[in-house]
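Trainee: Before we start, here is the structure in question, set down as structure tokens.
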Ligand SMILES: Cc1ncc(COP(=O)(O)O)c(C=O)c1O
């Protein structure tokens, strides 16, 4: 029998990605407040999702240390065995209240939450007929992974195009087949907002389940930063979000009815068979939820600076797509050129990573700029002038 050289096969795949400029590697960075050190150079970070700088917040750090000293590090078990402590329950009910919803369930990461919740809901045993799942074309990979399921009819609608969604809903309006609409509220790579009111309207008209990922909205948008879904909390069946971005921590949540929470506790294998969140993280999360309403000035500054950068980039003729938020893609198209621009920005003191296919659609490679409350007007203008100089690279 011929011996298989596994490493050679992996290497073939790596070589292929090098040839088409999609090779990924880990960069060794050092963190220094809102700057990072890379290859001995201090860089201003425009690629961070720590939108409010809370990963460095002193109050959160101190409260976390206090809890570690009191309870220790790990929880020691899954929630259903001996790892469900009062702190888990308190954090969940605190967030559910802030999100004006019935209940909340914490997950280890946003990726895992979306992937495993959707896989658990699309269960052929509970639906007599095959569900139709309508997903925005630009939804995050973890939503897409949750839909890789032979028990559903998976249909992607044009990004943020509710006419297209309604056309597809009408076309597939088979009697008694359950229907689901899946969207993000702020899109991760394009920085535009979903029309949540329109999604709710279609949800009601076509009697569908509505799932919304608030990963990039939570902390920044909506009342006190508790997300764009807040205004529609009675009408959205399932809202997910992460604590890893504006909350500056790690972990994720789902906001839903008490019944759906109970269904997930009973059926979601990533919840059932995985150790519960450690006390240290719960402490950071609880503290950052508590802090959120007090960060109005930080949010205002971030929104004002994002507006400024979007406007000057547009005026200069850069393609920033449909961005409306603090996520501002400078769409270059050509991957090689995007990588080169990112490297040149590094030389000028900015860390802006290139985002390439398959993370974004073909021919839309981009520099994904994210504005945080740590940036000031001077930083924004400096970045803009450097980009301007690189325009004709
Ligand atoms: C829209 C969206 N959902 C979910 C996630 C995953 O969240 P986490 O980093 O907590 O796994 C991300 C992360 O980039 C995201 O952009």
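Trainee: Looking at residue 241, is it outside any helix (DSSP H, G or I), at positive phi and either touching a strand residue (DSSP E or B) at 6+ places or on another chain (Cβ under 6 Å) or buried (at least 23 other Cβ atoms within 10 Å of the Cβ) (or both)?
Mentor: Numbers: outside any helix (DSSP H, G or I): yes; at positive phi: no; either touching a strand residue (DSSP E or B) at 6+ places or on another chain (Cβ under 6 Å) or buried (at least 23 other Cβ atoms within 10 Å of the Cβ) (or both): yes.
It is false that residue 241 is outside any helix (DSSP H, G or I), at positive phi and either touching a strand residue (DSSP E or B) at 6+ places or on another chain (Cβ under 6 Å) or buried (at least 23 other Cβ atoms within 10 Å of the Cβ) (or both).
Trainee: Next question. In the stretch 244-262, which residue that is surrounded by fewer than 17 Cβ atoms within 10 Å (Cβ to Cβ) and in contact (Cβ under 8 Å) with a residue 60 or more places away in the chain is farthest from the ligand (Cβ to nearest atom)? Walk me through how you get there before you give the answer.
Mentor: Step one: of the stretch 244-262, the residues surrounded by fewer than 17 Cβ atoms within 10 Å (Cβ to Cβ) are 257-259, 262.
With in contact (Cβ under 8 Å) with a residue 60 or more places away in the chain added as a condition, the list becomes 257-258.
Details: 257: 21, 258: 24 Å.
Top of the filtered list is 258.
Trainee: Across the stretch 196-220, which residue is nearest to residue 306 (Cα to Cα) among those that are in a loop (DSSP other than H, G, I, E, B) and within 16 Å of the ligand (Cβ to nearest atom)? Outline the logic, then answer.
Mentor: Keep residues of the stretch 196-220 that are in a loop (DSSP other than H, G, I, E, B), which gives 206-208, 214-220.
Pick out the ones that are also within 16 Å of the ligand (Cβ to nearest atom) and you get 214-220.
On the way: 214: 19, 215: 18, 216: 14, 217: 14, 218: 16, 219: 15, 220: 12 Å.
This residue is 220.
Trainee: Just for helices (runs of 4 or more DSSP H) wholly inside the stretch 94-183: which have at least 2 residues that are within 12 Å of the ligand (Cβ to nearest atom) and at pLDDT 95 or above?
Mentor: Working: elements: 110-121, 141-146, 162-171.
Here the list reads 110-121, 141-146.
Trainee: Only one of 168, 199, 162 is more than 24 Å from the chain's Cα centre (by Cα) and free of Cβ contacts under 8 Å to residues at least 60 places away in the same chain. Can you tell me which?
Mentor: Answer to the selection: 168.
Trainee: Here's something else I'd like to know. Against the definition (over 28 Å from residue 55 (Cα atoms), part of a helix (DSSP H, G or I) and not assigned by TED's automatic domain parsing to the domain that holds residue 97), how does residue 337 come out, yes or no?
Mentor: yes
Trainee: In the same structural domain as residue 236 (by TED's automatic domain parsing), in contact with a helix residue (DSSP H, G or I) (Cβ under 9 Å, 6 or more places away or on another chain) and under 24 Å from residue 218 (Cβ atoms): is that true of residue 180 in this structure? Before you say what the answer is, go through the steps one by one.
Mentor: Working: in the same structural domain as residue 236 (by TED's automatic domain parsing): yes; in contact with a helix residue (DSSP H, G or I) (Cβ under 9 Å, 6 or more places away or on another chain): yes; under 24 Å from residue 218 (Cβ atoms): yes.
When the stated conditions are applied, residue 180 passes them.
Trainee: Across the stretch 314-331, what is the total count of residues that are part of a loop (DSSP other than H, G, I, E, B) and either modelled with pLDDT under 95 or touching a strand residue (DSSP E or B) at 6+ places or on another chain (Cβ under 8 Å) (or both)?
Mentor: Residues of the stretch 314-331 that are part of a loop (DSSP other than H, G, I, E, B), as a first pass: 316-326.
Next cut, either modelled with pLDDT under 95 or touching a strand residue (DSSP E or B) at 6+ places or on another chain (Cβ under 8 Å) (or both) only: 318-321, 323-326.
The total comes to 8.
Trainee: A further question on this structure: Any chance you could count how many residues in the stretch 25-49 are more than 19 Å from residue 370 (Cβ to Cβ) and either in a loop (DSSP other than H, G, I, E, B) or in contact with a helix residue (DSSP H, G or I) (Cβ under 6 Å, 6 or more places away or on another chain) (or both)?
Mentor: 5
The values are calculated or read from the model by the stated rules, or taken from the named source; none is laboratory data. Quick caveat: nothing in here was measured; it's all calculated off a predicted structure. With ideal geometry, Cβ positions are generated from the backbone for all residues, glycine too; neighbour counts draw on all protein chains shown.
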